[in-house]
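Visitor: Sharing a structure, written as structure tokens. Questions coming.
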Amino acid sequence: MNFCSILLGLGISSLGLSVFGQSNPFLRPGSQNARPPAIIKPAPPPPPPKPLNTNLELRGFFKFDGEWYFSIFDKVKNKGVWLQKGERYDDGKVEVESFNEETEIVKMKNGLTLTLKKSDNKVLPVPSAMPVKKPVPSKKPPIPTRTQPPRPASRNLTIPPRTPSIPQRPK
């Protein structure tokens, strides 16, 4: 039995080698070839950190005697100041570093850039001391009504009195 099982095992193994040693007829040509290594793209650099105080607004600027002045408004504190280049505000947290006249961009010391806010082309309501009268709507012309022809005055109608009709019982 051992001898038969050994021969049978050798026959199956040689058969298996001959069948499995061939390429698979169902695969596409060239699919067994070695593939080129995958190209791995490097991760993009992280975004720059946000500035510490993004609640600042540039409200205006002007040039006087060759010096630029900038109106910086802090929305959290609801307070604005006029600063020159190099001046500090809020314990040194806010400082103007540079100004580009062509693009009208102010660069702050912490890397924050400020520009003037574009207008929305809206008219804002302004409170006034005197009340504003609303315009009176124009009066509409009266709509003509249907008139009935006048009745002649000579014709008087008199309605005769009714005689009461009380039913009587038959006797």
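Visitor: Tell me which of these Glu57 doesn't satisfy, since it passes every other one: (1) part of a strand (DSSP E or B); (2) without any contact (Cβ under 8 Å) to a residue 60 or more places away in the chain; (3) out of contact with any Asp or Glu (no Cβ under 7 Å at 6 or more places or on another chain).
Guide: Only one criterion is unmet by Glu57, namely (2).
Visitor: Turning to a different aspect of this structure: Please enumerate the residues belonging to the range 79-137 that are without any contact (Cβ under 8 Å) to a residue 60 or more places away in the chain, among the charged types (D, E, K, R), more than 14 Å from Tyr69 (Cβ to Cβ) and not in a strand (DSSP E or B).
Guide: If the condition is that a residue be without any contact (Cβ under 8 Å) to a residue 60 or more places away in the chain, among the charged types (D, E, K, R), more than 14 Å from Tyr69 (Cβ to Cβ) and not in a strand (DSSP E or B), then Asp90, Asp91, Lys93, Glu102, Lys109, Lys118, Asp120, Lys122, Lys133, Lys134 are the ones that fit.
Visitor: Scan the range 12-57 for residues that are β-branched (Val, Ile, Thr) and modelled with pLDDT of 80 or more and jot them down.
Guide: Ile39, Ile40 - these are the residues of the range 12-57 that are β-branched (Val, Ile, Thr) and modelled with pLDDT of 80 or more.
Visitor: Taking only the range 127-166 into account, find how many residues are at pLDDT 75 or above and of a type outside the set (Ser, Thr, Tyr).
Guide: Here the count works out to 20.
The values are calculated or read from the model by the stated rules, or taken from the named source; none is laboratory data. In this text the structure is predicted, and so the values were computed from the model without any measurement. Quick reminder, even Gly has a Cβ in these numbers, built from the backbone with ideal geometry, and neighbours come from all protein chains shown.
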